[in-house]
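Chemist: Structure incoming, see below.
Please treat every number below as a calculation from the coordinates, not as lab data. Note that the coordinates shown come from a computational prediction; the quantities given were computed from them, not determined experimentally. FYI the Cβ positions are ideal-geometry reconstructions off the backbone, even for glycines, and counts take in every protein chain you see.
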Amino acid sequence: MAGGTTQVIDAELAQVRQRLVGIEGVKLEASVRELVRVSVYVTEQKQVTIHLMFPENYPHQPIVVELKSKSLSFKLLDGLCKMCDEEARKNVGQRQVVLMVMFVKTFLQENPLCVCNEEISYIKRNLVSEDDKVILKQKTSQIVIKVKQGSYFMNLRVTVPNDYPVHQVQCEIEDCNFPPLLKTFFQAQAIEISRQCVQPPLKKKPKDPPFQPKPSLRPVCEFLIRDCCKRYPKEACQLCKDNVLSEDPEAPTREPKKRLERVYCGHLFHSGCLNTYMKTPPFIGGKKCPGCGCQIFHEKWKVSPELAEARWAHKQARQRELAEVVDFLE
């Protein structure tokens with residue numbers, strides 16, 4: 001380095017040691033001519049180590065910035081590093097170390113959704129289509145997602161807490177035109193999925209590893225978007241194979257036998273189809289879902305296989321008696 005440049009750097013290093021001391025969340029780890037290393041802490045998941053190196057003709061060239069983090073994604077750091085390079089070019093001729101540190105700290109504070117950058121990218125890439133919308137609201141740490149399938153739609157508002165992923169996201173279905181039965185299920189199950197991501201199971205298995213909270217944004221959105229909004233408008237009754245949901249969500253309620261029923265495994269049936277199926281043998285081992293083979297559980301059909309078979313046998317005997325009476329009268 002030329003003598004003048006060396007003096008400039010020495011003077012800036014003295015300023016750095018003075019100005020960065022006492023700033024909350026900022027720790028100066030190294031301050032020499034070859035490298036300035038600063039750690040910036042906003043939350044446990046929003047931590048960045050900044051490496052700053054002086055080019056040969058500094059400050060008439062932008063300072064070289066390198067970012068490292070154990071919690072933030074490489075893609076996010078790469079984008080932030082490019083933003084730092086651009087900001088440094090704007091300040092050529094000035095002292096740039098403190099400017100870069102405060103620029104990174106401000107970015108982390110004003111962009112709370114950076115902690116789930118990879119999950120947001122996954123949602124945009126794999127869960128939504130061109131007709132859907134994903135809107136990021138950094139000021140409120142919220143994600144608004146508007147998705148549709150055919151004539152059906154679902155508008156979601158997901159709030160990401162400051163200490164994410166230690167605490168789960170809060171997801172609200174603001175509006176949708178699915179039947180109330182399904183909407184209630186969607187909302188309740190989304191809450192349960194997010195809870196399971198951050199709370200250990202009540203009954204821990206002896207061989208299970210220690211519980212660690214995991215990100216909840218992706219699994220909640222996979223469920224609500226892929227497994228609900230995109231799936232159910234195309235879902236056929238597992239027995240008659242006709243679509244369960246009407247093509248027109250605003251159409252009048254169908255006849256009782258065509259109303260939808262959802263069973264524990266998630267498949268849909270027409271009420272009349274399921275009623276007939278549940279009351280027709282075989283009953284041994286419980287009735288199984290034709291779609292997946294899981295046993296059917298439903299509050300409307302809670303009788304044991306033995307009682308169901310006894311009722312069916314009684315009904316058949318009654319029908320035979322009536323048939324014999326009809327034959328006698330003829």
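Chemist: To the nearest 0.05, what FRET efficiency results for residue 126 and residue 248 with a Förster distance of 35 Å applied to their C-beta separation? Don't skip to the answer; put the middle values down first.
Modeler: Details: r = 29 Å, r/R0 = 0.83.
Using R0 = 35 Å, I get an efficiency of 0.75.
Chemist: How much length, in nm to one decimal, is gained on full extension between residue 234 and residue 17, taken as 0.36 nm per residue of separation minus their Cα-Cα distance?
Modeler: Details: separation 217, 0.36 × 217 = 78.12 nm, distance 6.33 nm.
Net length gain for the segment: 71.8 nm.
Chemist: Using only the Cα atoms of region 219-299, build the gyration tensor, take square roots of its eigenvalues as a ≥ b ≥ c, and label the shape rounded, prolate or oblate: rounded if a/c is under 1.5, else prolate if a/b is larger than b/c, else oblate.
Modeler: Values: a/c = 2.47, a/b = 1.26, b/c = 1.96.
Because a/c hits 1.5 or more and a/b fails to exceed b/c, region 219-299 counts as oblate.
Chemist: Could you give the distance between the Cα centres of region 212-236 and region 272-297, to the whole Å?
Modeler: 26
Chemist: Residues of region 263-287 with backbone nitrogen within less than 13 Å of a virtual label 7 Å along the Cα-to-Cβ line of residue 297, please, listed as ranges.
Modeler: Taking a point 7 Å out along Cα→Cβ of residue 297, the residues of region 263-287 whose backbone N falls under 13 Å are 263-266.
Chemist: Choose one answer from 167, 298, 270: the residue with the largest mean-square fluctuation in a GNM of the chain with alpha-carbon springs under 10 Å.
Modeler: Fluctuation is largest for 298.
Chemist: Is there a pair in 139/214; 207/288; 105/137; 258/287 whose C-alpha atoms are over 26 Å apart, and which pairs would that be? Mind showing how you got there, number by number?
Modeler: Working: 139/214 24 Å; 207/288 31 Å; 105/137 19 Å; 258/287 20 Å.
From the list (139/214; 207/288; 105/137; 258/287), the Cα-Cα distance tops 26 Å for 207/288.
Chemist: Apply the Karplus parameterisation 6.51 cos²θ - 1.76 cosθ + 1.60, with θ equal to phi minus 60°, to every residue of region 117-128 and state each ³J(HN,Hα) to the nearest whole Hz, in sequence, with x for glycine and proline.
Modeler: Calculated HN-Hα couplings, in order: 4, 5, 5, 5, 4, 4, 4, 5, 7, 10, 10, 10 Hz.
Chemist: While we're on this one: How much length is gained on full extension from residue 255 to residue 110, taking 0.36 nm per residue of separation minus their Cα-Cα distance? Write down the numbers at each step before the final one.
Modeler: Details: separation 145, 0.36 × 145 = 52.20 nm, distance 5.32 nm.
Answer, rounded to one decimal: 46.9 nm.
Chemist: Of the listed values [x] 6, 26, 35, 23, 9, 1, 0; [y] 5, 22, 28, 23, 15, 7, 1, 0; [z] 5, 18, 19, 17, 13, 10, 7, 5, 2, 1, 1, 0, 0, identify the label whose number matches P(r) over Cα pairs in 10 Å bins from 0, in percent calculated from this model.
Modeler: Recomputing P(r) over Cα pairs in 10 Å bins from 0, in percent here picks out [z].
Chemist: Right, another one. For the chain, modelled as a Gaussian network with Cα springs under 10 Å, which listed residue fluctuates most, 235, 250, 119?
Modeler: 250
Chemist: At a Förster distance of 45 Å, what's the computed FRET efficiency of residue 81 paired with residue 183, Cβ-Cβ distance as r, to 0.05?
Modeler: Details: r = 43 Å, r/R0 = 0.96.
Once rounded, the FRET efficiency stands at 0.55.
Chemist: Can I ask one more? With the contact rule set at Cα under 8 Å and sequence spacing of 6 or more, what percent relative contact order holds for region 3-110? The partial results should precede the final answer.
Modeler: Working: 163 pairs, mean separation 23.5, N = 108.
Reported as a whole number, the value is 22 percent.
Chemist: As I understand it, the value is the acute angle between the Cα axis of helix 3-19 and the longest principal axis of the Cα atoms of the chain; what does it come to in degrees, rounded to 10?
Modeler: Here the helix axis deviates by roughly 50 degrees.
Chemist: So, one more: Amide H of residue 177: which non-local residues (sequence gap of 5 or more, or other chain) have their own amide H closer than 5 Å, using H built in the peptide plane?
Modeler: 153
Chemist: Right, here's the next one. Points 7 angstrom from Cα along the Cβ direction at residue 204 and residue 162: gap in nanometres?
Modeler: For residue 204 paired with residue 162, the spin-label model returns 2.9 nm.
Chemist: Suppose we flag chymotrypsin sites (Phe, Trp or Tyr not before Pro) only when DSSP calls them loop and at most 14 other Cβ atoms lie within 10 Å. Which is the longest uninterrupted stretch of the chain?
Modeler: Details: sites that count: 211, 264, 297.
Within the chain, the longest run free of exposed chymotrypsin sites (Phe, Trp or Tyr not before Pro) spans 1-210.
Chemist: Quote the charge dipole size of the chain about the Cα centre in Debye, to the nearest 20; the model charges only the Cβ of Lys and Arg (+1) and of Asp and Glu (-1).
Modeler: Working: 49 positive and 40 negative charges, 123 e Å.
Roughly 580 debye for the chain.
Chemist: Net charge within 10 Å of residue 237 by Cβ-Cβ distance, Lys/Arg positive one each and Asp/Glu negative one each, not counting residue 237 itself? Don't skip to the answer; put the middle values down first.
Modeler: Values: positive: 241, 258; negative: 235, 242, 261.
Local charge sum for residue 237: -1.
Chemist: At 222 nm, what helix-only mean residue ellipticity would the chain give, in deg cm²/dmol to the nearest 500, using -39500 (n - 2.57) for each DSSP H run of four or more? Present the calculation step by step, with values, prior to reporting the outcome.
Modeler: Working: 8 runs with 111 residues, N = 330.
Result for the chain, helices only: -11000 deg cm²/dmol.
Chemist: Let me ask something additional. Could you line up 144, 263, 220 from fewest to most neighbouring Cβ atoms inside 10 Å?
Modeler: Details: 144 15, 263 21, 220 24.
Exposure proxy ranking, most exposed first: 144, 263, 220.
Chemist: Let me ask you something else. For residue 140 and residue 27, what is the calculated FRET efficiency with R₀ set at 22 Å and r taken between the beta-carbons, to the nearest 0.05?
Modeler: Efficiency, rounded to the nearest 0.05: 0.15.
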